[in-house]
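Here's the structure, in structure tokens; my notes come after.
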Amino acid sequence: MKKFIVPLVTVAVVASIMFAGCVPGAAPPVTPPPVTPPPVTPPPVTPPPVTPPPEAPEIPLSPSGTRVYSSKLANLNPFGENFAIKPDGTPYVFATTYIFVTVDPMAKWVANIHSLLKRGGAEYIDFDPNGDPQKQIAFVENLIAVRKPDALIMQSINEALLAPVTDQAAAAGIPTIAFDFDNYSENTVCTVYDHFRGDFGSNLLGEYFIELAERDNVHINVFEVWGDKSVDSSVARHEGFHSVVDARPDLITVMESGDLGWNSVELASTYVMDAFTAYPELNGTFQHGGGNAGSIEGLRAVDRLLPLGDPNHVYISTNDMDTSGVREMDNGFVDAFAQHGGWYVSDATVQVAFTHVVLGQPVPRYINLPLFVVTPDNIDTTYFFGALAAYPRMPLDPDLWPVLDFSPIGIEIPTEDMKATGYNPIAGYQDPTQAMYDAAVTQAELP
Amino acid sequence: MAEIVEKPKPFSVTAREIAKRFLRNENAVLITVLVALIAAMAAVTKGLVISRANVMNVLLQSAITGVASVGQAFTILTAGIDLSVAGMGLFTSILGASMMTGVLEQNIVGHVVSPYIAMPVMVLVGAGWGALNGSLVSRIGMPALIVTLGMWQVCKGAAFQVSRGHYIIDLPEGLNFFASGRVGGVPVLVIIFIVVAVIGYFVLQHTTFGKSVYAVGGNPVSAWLTGINVKNIRFMVFTISGLLAGLAGVMMTARGMSSSMQTLGGLELNTIAAACVGGVSLAGGKGNIIGVVLGVLIMGIINNGMSVLGATITAQGIVMGTVIITAVAIDYMRRR
């Protein structure tokens, strides 16, 4: 019996210790940036199609050697340290939940949301369901029953499954601001997204492949690296790409891989190595998203990672490029990626959350931010608009990212002055895609 | 003649015997663990987790896993295992939603089918997948692990063929009753779980079939020698598991008022874990439905408590993994 008692006691002790240790730790310290009062320098309203970055002498280099745009740095900490503090002195509490942070871009923009919330003086309750919609539903239910935050900022893992619980949250007085993915609940206050109803830019990549094929007078045999057939957005990317390229069989042929489980670098590498070894006529890749570093490494492993302009160059494209891929574009190997969810999505999300929750102002049901196809020709321009998902060129660390100025597109940065006057910064909201970026980047027709 | 005077037992011996008897009763131990967990959670969260709303949350969040776990317990009691519960539940969910959706291009029958017709169909289709598993295991003699692992993928692929990977939404409002309806303040999904557990308990403890399940799990050769049709028992337990996976598919479809390829992901491991934590021996022949229900609730409390505490998903994984390994270790040490 002693044999039995010991493990039982062990369970109790281990469980107790674990629970005690599971209390959320303090959020990462936010280094308060210098308070720089507005004036805010707005970005150019209508830049030319390929706007060259500002003159080199005006752009200082960061310690890592990358460029810093000083006009953006002027916007540091526009919210003020006590912006999101209630009259009783307690901070506003936001709950944040998303799909997962196991891919580079998502880790970055979740970090940016947390950073911006803290910078505004708010607190947050965070939950990473790691891709499991059932866990995300349970988290929201537990918020409603126990923790009762002032608002929920949610990237829905499943836009349909999360709708009923969003209704329950609304009934309990917890507004939901969705970002990146919509939420089918009618009670969602606002969705900040970039073209999520379409193809996540994969149709644009298809068009770009046709352009390349015509420009270089080649037939491109594309190896399509699937994300996950069980994920709606992966299927949408597949269909978006094929909706364009299947119309031009004379220029584009596509071979499909198996699933990556969304973001397996190892599987991506394996699929690419196997395919390019077995079918040397392949000369293009299109990947749905996560794990795209694996495709590049797979090409390198079979000696097919060749620079742009090389007669044997493999045309490389993907949605949601990660850090290493952006560097390979800088190095001249990668042709294009569709920018899905960027710095501006997280930035606009927090601004909307503050506007609605702290200022108590109405916000539009949808804020539709532009979706970029980033190429070697426009990477500097899109960087200027904070478009790179992977942020390898971001000038500062995540806690010090500048807040973007959305005033040209109708979302002004909510400041303490606005809070005091009750000014509605989003009253003049207009579809941003019509105003600011059209000429600078390739645009898809929005839904 | 000297009078024999019985010496009073020292207190320590008596306490040891009580402890022995207590520890021999698996359900008593599980109840103690559950109560201790609740007390610990309540202390750490200053009573938040024992609010009525949160208790209902735990029950609601446990209901779907609980129903499928009862079916899983039947297979494990015969020393089998069913890794296809998530796949079967997914397929039935997609199939049912595809019959009920008002989005006609997704509707596989061309018109909206009433939930009261679609739901029994879903459950029966689940039972059909289970029967297929049972046939392969009992008639051909294939290992349950391999059969159900393969069937999981078959179901997933079949579900993809129906849904093409898209969300299926716009389901009839009548379905919503099963998701948010309450009877006497208790959610309908929880009532379904309770009913399934009671029936499962009755079948296992008070029917010949139930006794046969234990006999087959304990020693299939002896069971066969005593006249039990081992093949039929094995066939039946997989069919029951499929049927309850189909019911779990119905419940999840109602809860989300939609279906997608992400529906019921991870259900297979959750059900196995709940059964193990609940004292069902992976070697078969030992365990009961009360234990399974307690196992489901223990896992539900752990998940809920850690969510309320704001634990990261990785911390939750560590705790849950530790609990499962410990439960199985206890089972193995007891059998030695």
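Here are a few things to note about the model shown:
- Solvent exposure, largest accessible area first (probe 1.4 Å, DNA, RNA and ligands not counted), of A:Arg365, B:Arg16: B:Arg16, A:Arg365
- Average projected area [Cα convex hull, segment A:203-339], square nanometres: 7.0 nm²
- C-alpha long axis of helix B:289-309 to longest principal axis of chain B, angle in °: 70 degrees
- Shape call, segment B:163-254: gyration tensor on alpha carbons, a/c limit 1.5: oblate
- Degrees between helix B:208-218 axis and first principal axis of chain B (Cα, 0 to 90, nearest 10): 70 degrees
- When +1 charges are put on Lys and Arg Cβ atoms and -1 charges on Asp and Glu Cβ atoms, the dipole computed for segment A:264-380 relative to its Cα centre reaches about 420 debye.
- Amide H contacts under 5 Å for A:Val192, placed H, 5+ residues apart: A:Ala178, A:Phe179, A:Asp180, A:Ile367
- Shielding of peptide B:322-329 by partners, expressed as the average count of other chain Cβ atoms within 10 Å per residue Cβ, is 3.
- For segment B:44-335, a simple Cβ point-charge model (Lys and Arg +1, Asp and Glu -1, everything else neutral) yields a dipole of about 580 debye relative to the Cα centre.
- Peptides A:346-359, B:50-63, B:105-118, B:315-328 ordered by packing proxy, namely the average of other Cβ atoms within 10 Å per residue, highest first: A:346-359, B:50-63, B:315-328, B:105-118.
- Ligands, DNA and RNA aside, A:Glu123 has an accessible area near 90 Å² when probed at 1.4 Å.
- Over 21 Å between alpha carbons, listed pairs A:Lys148/B:Lys46; A:Lys135/B:Lys286; A:Lys86/A:Lys108; B:Lys231/B:Lys286: A:Lys135/B:Lys286; A:Lys86/A:Lys108
- Virtual spin-label span in nm between B:Gln205 and B:Ser222, 7 Å along Cα→Cβ: 2.2 nm
- Charge-dipole axis of segment B:44-335 as Lys and Arg at +1 and Asp and Glu at -1 on Cβ define it, positive-most pick from B:Ala158, B:Val123, B:Val230: B:Val230
- Dipole in debye (nearest 20) - segment A:175-332, about Cα centre, beta carbon charges: Lys, Arg +1; Asp, Glu -1: 140 debye
- For chain B, the longest principal axis of the C-alpha atoms and the axis of helix B:11-24 are separated by about 20°.
- The label point for B:Leu145 and the one for A:Val218, both projected 7 Å from the Cα toward the Cβ, are 4.8 nm apart.
- Taking a ≥ b ≥ c as the square roots of the eigenvalues of the alpha carbon gyration tensor, segment B:99-206 is oblate, as a/c is not under 1.5 and a/b does not beat b/c.
- Å³ per residue enclosed by the Cα convex hull of chain B: 184 Å³
- Gaussian network model of chain B, springs between alpha carbon atoms under 10 Å - residue of B:Ala158, B:Ala36, B:Ala179 with greatest fluctuation: B:Ala36
- Positive-end extreme of charge dipole, segment B:44-335 - chosen from B:Leu48, B:Phe178, B:Ala79 (charges on Cβ): B:Ala79
- Relative contact order [Cα under 8 Å, 6+ residues apart], segment B:44-335, whole percent: 34 percent
The values are calculated or read from the model by the stated rules, or taken from the named source; none is laboratory data. All values derive from a computational prediction rather than experimental measurement. Every residue, glycine as well, gets a Cβ built from its backbone with ideal geometry; the counts of neighbours run over all protein chains shown. Only protein heavy atoms, including side chains, enter the accessible area calculation; ligands, DNA and RNA are left aside. Shrake-Rupley method; radii C 1.70, N 1.55, O 1.52, S 1.80 Å.
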